[in-house]
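Q: Take a look at this one; I'll ask things after.
Each reported figure results from applying straightforward, stated rules to the coordinates on display, with no laboratory input. It should be emphasised that the depicted structure is a prediction, and the values quoted were computed from it without experimental measurement. Neighbour counts run over all protein chains shown; Cβ positions are idealised from the backbone, glycine included.
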Amino acid sequence: MSNDKTVPAALLRMHFHDCFVRGCDGSVLLNSTKSNQAEKDGPPNISLHSFYVIDVAKKQIENMCPGVVSCADILALAARDVVTLSGGPYWAVPKGRKDGRISIASETRQLPGPNFNISQLQQSFSQRGLSLDDLVALSDWPKIVGPIGPNNPLLLLTSLNPKVKQLPTLPPSSSTGRSSFQFPMTEQNADETNTVQTSNLENVKPTIVACSHSDTAQKSEPLIEELQDEELRKLLVPKLENLPISPPSAVESNFVTYFAPDFTKPGHDQYVHRHANGLCIIGLAPTHIAFKDEGGVTSVDFNVGKSDRSGIKVSGKRKKNAQHFESNTALCKACTKDASYIVRCCVKGSLLEVNDRLIKQPELLNSSADREGYIAIMMPRPTDWIKAKTTLLGIEEYRELRKDTLQL
């Protein structure tokens, strides 16, 4: 986690995708074979990553107690632990799961889609025996309800089900502030080869356990409801002074930004926007020397090295035709009126796309280098990213380094 802050979200999402299809049996960890495409390669799971965390944990546990702890248990425990270590809630995890041996990519269609509305989400969850309370508690509220405002659908959630008086909360169960959220273990029938035959989906239902903290347990029911209503009001109507002056941009909301100052040459500052799925967007930092020339960037040439980068066409989930480059490999030349500058990959990985719009519209680099004027998209391996990250600066470090020239 200290090397890659996307690991907690990745493992929690992996655990959710595992449990939603065949129960929490670890089948999402299995690799495809020549005769079968596994869940891992199903369309919704293509962006799953950080499998290496489970592999490393399994190897270490096997060295201590061979053949005892299942991969399914390791995934369930890892998902809980990374959430807790990130400052999130804690929940008890029953042990003793059997590892599933059946893993079919087509079954991942059962997962709720990212564009589902509240009705579709409710139907998808109800098919697994999950209630509206469970949906709200287990889902990312901002993705369901959108931005806070007078037409916020969250205000209408309680009207979808007359039995729901207020949105569920995760009450603290101890002085540490940890929640007593519990995700019960799925009961599975397995034969002597440990092959999952059935999965009792009704037993997958997560429950919000009543608060066990002695002080709260003595409170009256009306007082508890009043506290929950107050908590919900604070969520929906934040204090004005706590709101940012302007809403975050799409880049700020979805990417973590790093910088490579003086990359290979003085003044050649570049940025790396990294998404949670591992994709890295490469571009010119606002302090790049090219922007200091009169007129800024006037043309972009992707014909560098032994091939024209703009001619690369990557296709399919296997990223066919993707070329693998080192961090110092040239991506293009950014030309100004009097000079040209080589733009490099910054991270070792597969080149998935170059922004060929820059060929006809090089002015995008001058007006929006961090958005429409990006240079390329790379996909580094997790291990390569860990190495690359040590050479990059965070945004605060970059601001401090370039405080004399950066206008922020």
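Q: Using Cβ counts within 10 Å as a stand-in for footprinting exposure, how do D55, D404, D293 rank, fewest first?
A: In order of increasing Cβ crowding within 10 Å: D404, D55, D293.
Q: Assigning unit charges at the beta carbon (Lys, Arg +1; Asp, Glu -1) and nothing else, what dipole magnitude in debye, to the nearest 20, does segment 272-407 show about its Cα centre?
A: 760
Q: Which one, S27, P44, V82, projects farthest toward the positive side of the charge dipole computed for segment 23-145 from Cβ point charges (K/R +1, D/E -1)?
A: Value: S27.
Q: Same structure, new question: Give me V68, V272 sorted ascending by neighbouring Cβ count inside 10 Å, so fewest comes first.
A: Lowest count first: V68, V272.
Q: Order by neighbour count: H324, H17, fewest other Cβ atoms within 10 Å first, most last. Intermediate results must be reported in sequence, preceding the final value.
A: On the way: H324 14, H17 20.
Ranked by crowding around the Cβ, least crowded first: H324, H17.
Q: Also, quick follow-up: Given a Förster distance of 35 Å, report the FRET efficiency between S307 and I102 from their Cβ-Cβ distance, rounded to the nearest 0.05.
A: Computed FRET efficiency for S307 and I102 comes out at 0.20.
Q: Here's another thing I want to ask about it. Starting from the Cα of V68, step 7 Å along the direction of its Cβ; do the same at H324; then give the gap between the two resulting points in nm.
A: Going by the 7 Å Cα→Cβ label model, 3.8 nm.
Q: To continue, here is another question. How much length, in nm to one decimal, is gained on full extension between S315 and V256, taken as 0.36 nm per residue of separation minus their Cα-Cα distance?
A: 18.6 nm
Q: Cα gyration tensor of segment 1-140, axes a ≥ b ≥ c as square roots of the eigenvalues: rounded (a/c below 1.5), prolate (a/b > b/c) or oblate?
A: oblate
Q: Here's something else I'd like to know. At 37 °C and 0.692 mPa s, what whole-number value in µm²/s does Stokes-Einstein give for the translational diffusion of segment 250-401, with Rh from the Kirkwood sum over Cα pairs? Please list the in-between numbers first.
A: On the way: Rh = 15.4 Å.
D = 213 µm²/s.
Q: I've got another one for you. Along the charge dipole of segment 250-401, pointing to its positive end and built from +1/-1 on Cβ of Lys, Arg, Asp and Glu, which listed residue (G311, P286, T336) has its Cα farthest out?
A: So the residue furthest toward the plus end is G311.
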